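The numbers here are math on the coordinates, done by the rules we state, and not lab data. Nothing here was measured: the structure is a model prediction, and the numbers come from that model. FYI the Cβ positions are ideal-geometry reconstructions off the backbone, even for glycines, and counts take in every protein chain you see.
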Amino acid sequence: MLGEAAEYQVVRVFARDEFKYDIELNDLNNFDSVVPDYLDVKDGDWLRFTLDENPSTGYRWLTDAATEQFPTRLGGKVKEIFNFFQGPTDVMPGSAGGKRIIVIEIREDAKEFSLGIKKSGRY
């Protein structure tokens, strides 16, 4: 009805048949055993990281890959295609842990990119 506040849900869909690497980290304490130091990639490869994250404690996963806002990071050779936090649906957004899903596309001959966790308000 017009004039009434409408309820709606945002749905983000990302479809891809395969990823060169599909890495899932369910416990930050297992980072070293789950996330390799080196990934053998080439131009056109896609990587997906599914990472535990809890914004209610101020921690968030970040990359230094190029984005729409910052297209020249790393010379544009590593592009962040998708970055989304998926939390539980039965609590207030941002008040509980969930998963950060990051999809990266390798372009040209990328040598490296960084994936790290940051506490809000700290550098």
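Observations, loosely collected:
- Exposure proxy shown here: for THR89, THR50, the number of other Cβ atoms within 10 Å sets the order, fewest to most, as THR89, THR50.
- Ranked list, fewest to most other Cβ atoms within 10 Å of each Cβ, for LEU115, LEU62: LEU62, LEU115
- Report note on the peptides 68-80, 100-112, 28-40: ranked by the mean count of other C-beta atoms within 10 Å, highest first, their order is 100-112, 68-80, 28-40.
- Cβ-based exposure ranking for PHE85, PHE19, in which fewest neighbours within 10 Å come first: PHE19, PHE85
- Using Cβ point charges alone (K and R +1, D and E -1), the dipole size of segment 21-119 about the Cα centre works out to roughly 380 debye.
- Estimated translational diffusion coefficient (Stokes-Einstein, Kirkwood radius over Cα pairs, 25 °C, 0.890 mPa s) of segment 21-119: 173 µm² per second.
- Gained length - TYR38 relative to ASN26, 0.36 nm times residue gap less alpha-carbon distance: 2.3 nm
- Gain on full extension, evaluated as 0.36 nm per residue between THR72 and GLU18 minus their Cα-Cα distance, stands at 16.8 nm.
- Among TRP46, VAL103, VAL34 - extreme Cα towards positive end, dipole of segment 21-119, charges at beta-carbon: VAL103
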